[in-house]
1. Could you give the size of the charge dipole of region 2-211 about its Cα centre, using +1 on the Cβ of each K and R and -1 on the Cβ of each D and E, expressed in debye and rounded to the nearest 20?
2. Can you find, among M1, I177, S165, the residue farthest towards the positive end of the dipole of the chain? Put +1 on the C-beta of Lys and Arg, -1 on that of Asp and Glu.
3. How big, in percent, is the set of alpha carbon pairs in region 3-118 lying more than 21 Å apart?
4. Over the chain, what relative contact order in percent results from Cα pairs under 8 Å that are six or more residues apart?
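The numbers here are math on the coordinates, done by the rules we state, and not lab data. All values derive from a computational prediction rather than experimental measurement. All Cβ positions, even for glycine, are placed from backbone atoms using ideal geometry, and neighbour counts span all protein chains on display.
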Amino acid sequence: MMEIKQMIVGVMEVFCYILVCEKTKECVVIDPAGDEERIFTEIRNSGLSLKYIVNTHGHADHTCGNARMKALTGAPIVMHVLDDQFFRRPENMEWARQMGFEPSPPADLAVEDGYVLNFGELQMEFIHTPGHTPGSCCLKVDNNLFTGDTLFVGAVGRTDLPGASFDQLLKSIETRIITLPPETVIFPGHDYGDQPTSTIKQEMETNPYITDFILDED
């Protein structure tokens, strides 16, 4: 069984998630985007062992806590190889600093589509969903999908930044997300909707980017 702790952290109010294998007390952190001491305190006070620091994508507002979390826990950083490479370019690291964020150290484990990360008795599958960034991923654990900035409740991620593509984002949602079971629970990267979570069924019925741009194509 898995426990999901959803926390709003950092100046950009990112959803950070702590996923816990209840049997072994091993956990992963998704997108430690600030308030690292608070995240670490939650892990420590809950008697958990942090196995991985995982990023849905490489934007600095989602990765700015990587260095501190690694220093506090020794856990390795995991990111898709394309974003690990893209966001270590000097111009992108400088952009992060100009925005007031600490650039992430290089990933200790740079993964590709389909990679499976084990923690406790649970498995996390990386589903490559480019569009918001080249290496954006949705993270699937059982019937839960952590969508980062690819898919929000009622919206999608920005595509006006370097490395982004609106057409590619829509293709990712069409071919990699809404093909999953409709009861799959969506956990987004920001609290931009009228509720903090959703389902694929609900998004297919109410998200205008899906209803108007994808399902209405025919």
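1. Values: 16 positive and 30 negative charges, 76 e Å.
With Lys and Arg at +1 and Asp and Glu at -1, about 360 debye.
2. Checking the options against the dipole of the chain, the answer is M1.
3. Working: 2170 of 6670 pairs.
Of the Cα pairs, 33 percent sit more than 21 Å apart.
4. Contact order relative to length: 15 percent.
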